[in-house]
Amino acid sequence: MKEFPINFLWGGATAANQLEGAWNEDGKGPSTNDMYTGGSHTIARRITPILEPDTFYPNHEGIDFYHRYKEDIALFAEMGFKVFRLSIAWSRIFPNGDDEQPNEKGLQFYDDVLDELKKYNIEPLVTISHYELPFNLVQKYDGWKNRKLIEFYNRYAQTLYIRYKDKVKYWLTFNEINSAMVTLGAYASLGMILDEKENTEAVRIQALHHQFVASAKAVKMGHQINPDFKIGCMIAYLDMQPLTCDPADVLLTQHMDQIQNMLCGDVQVRGFYPAYAKRYYDEHNVELVMEAEDEQILKEGCVDFYTFSYYMSNCVSANPQNEQTGGNLLGGIKNPYLKATDWGWQIDPIGLRWTLNHLYDRYHIPLMVVENGLGAVDTFEPDGSINDDYRIDYLRQHIEQMKEAIQDGVDLMGYTTWGPIDLVSAGTGEMKKRYGFIYVDKHDDGSGTLDRSKKKSFYWYKKVIESNGKEL
């Protein structure tokens, strides 16, 4: 029976904007996420183009990783992390995004973080852009709608590659790049202020094309700077299953899977737009503007490995009257066979095995699950313990299905749970929605000591890593 490979990369994943804090320290400029107010799963977050007095912005402090990274990395090392997925805040390096020269203090911060990881033999996996576009690029250029962002992004990527070429091997160009295909992605991913009249699907698809070109150029450039670099894509895999065996449900599921899940992977892995995209664009009045060299750029900038987030599955039906449920970026129809989290995300470990086989059959390059986890409300017991057995059960079931996929023949290189330490929720701005093995004393009103505490899952994951996935 095949087990996890000896060199399997166990670890956790974070994003700079959700944990670093220090939003305006040491020369950092504001990012898109710095303009988000707090919220909850019942009260929506707001985007404020100008910071409002007496308004709480949870990302401004995050969990103060900026000042506490040594303490946090030591905890990751205690769990036995082999890899830590982090993002670099673009506006910490280029405060306005279009600056000619980088901010040295920002570069030095990440030097220090990477050196701390190296001290514990933890491999960094760096996301170059993770929902934290410099806000100046929103105001001045309207985000990725403007092709000039390709130039700014590649200047930024080149700066990172050269500075950290001996410290980082694994890179991801964009986080959940396919989020551009949903309305929410207009601001989070593309840096365009939400306005459905202006940021139509056609406009988002054009902006996504600019990201494809930027990614491909960054891949080619990275390989030239250091041939040992491994550069991947990152997709939010939104597992979809037909609600019934009605052929209309089956066909609609295939169609949604192609557009929401497979399009971005096809372009970034294969290097060209698939035929189904061309039909979709024709039928939705999308006139994609491409420069003469774009097709060649996409062909020459294919990624080395494919990474994705997986949290849940949803059903698809041609009958819109069915009961709806929540999800990461995109909801769907409730599956009667599945349980759901407190936030309505359906728990489907077997869907992860299906997804791994589906992706590997299509691309035949190494895969990595770089986000998977359970957002839940954690409670301190009178003795100070946090017994998050529900999180252990969720992760155990998904790891078991990863092991099955490996036996199926899938080349799976690693697994980073989402939020190994509690951080600000990207979707809602909450701290109440916790994912971590490490509890952070920070609350939705901004109060708390920021003290770190180990949950029961901390010790469980430590054993999982020690046994290379045998002891679950």
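No lab work stands behind these numbers, since they all come straight from the coordinates. All figures in this text were calculated on a predicted structure; none of them were measured in a lab. Quick reminder, even Gly has a Cβ in these numbers, built from the backbone with ideal geometry, and neighbours come from all protein chains shown.
Structural remarks
- Karplus-derived HN-Hα couplings along the range 335-349 (A = 6.51, B = -1.76, C = 1.60, θ = phi - 60°), whole Hz, x at Gly and Pro: 8, x, 8, 10, 8, 10, 6, 4, 9, x, 8, 6, 9, 9, x
- The peptide list 171-177, 237-243, 55-61, put in order of mean Cβ contacts within 10 Å with the highest first, becomes 171-177, 237-243, 55-61.
- 3J(HN,Hα) along the range 106-123, derived from phi through the Karplus expression 6.51 cos²θ - 1.76 cosθ + 1.60 where θ = phi - 60°, amounts to x, 4, 5, 4, 6, 4, 5, 5, 5, 5, 5, 5, 4, 4, 9, 6, 9, 6 Hz, with x in place of Gly and Pro.
- For the set LYS2/LYS169; LYS165/LYS220; LYS339/LYS442; LYS82/LYS167; LYS82/LYS470; LYS432/LYS455, the pairs lying more than 18 angstrom apart at their alpha carbons are LYS2/LYS169; LYS339/LYS442.
- Between ASP54 and PHE380, the FRET efficiency estimated from the beta carbon spacing at R0 = 35 angstrom works out to 0.70.
- According to the calculation over all Cα-Cα pairs in the range 428-472, the P(r) per 5 Å bin from zero is 6, 21, 21, 18, 13, 11, 8, 3, 0 %.
- Debye equation applied to the C-alpha atoms of the range 316-471, log10 I(q)/I(0) at 0.11, 0.20 Å⁻¹: -0.51, -1.34
- Legend: P(r) of the range 349-418 from all alpha carbon pair distances, 5 Å bins from 0, whole percents, reading 4, 15, 24, 20, 13, 9, 7, 5, 3, 1, 0.
- Semi-axis lengths (Å, descending) of the ellipsoid that matches the C-alpha gyration tensor of the range 236-311: 26, 18, 8
- Packing rank of 247-254, 346-353, where each peptide gets the mean count of other beta carbons within 10 Å, highest leading: 346-353, 247-254
- Cα-based Rg of the range 369-456 normalised by 2.2 N^0.38 Å, two decimals: 1.23
- Computed Kirkwood radius, in angstrom, where 1/r is averaged over Cα pairs of the range 88-234: 15.6 Å
- Sorting 150-161, 180-191 by average packing, meaning the other beta carbons within 10 Å per residue, from highest down gives 180-191, 150-161.
- The tail of the calculated P(r) for the chain beyond 27 Å holds 52 percent of all Cα-Cα pairs.
- Helix-only CD estimate at 222 nm, as mean residue ellipticity for the chain, using -39500 (n - 2.57) per DSSP H run (n ≥ 4): -10500 deg cm²/dmol
- Members of LYS230/LYS454; LYS28/LYS463; LYS433/LYS463 lying beyond 29 Å, as alpha-carbon distances in this model show: LYS230/LYS454; LYS28/LYS463
- Each residue, LYS140 and TYR459, gets one label point 7 Å from its Cα in the Cβ direction; the gap between the two is 5.3 nm.
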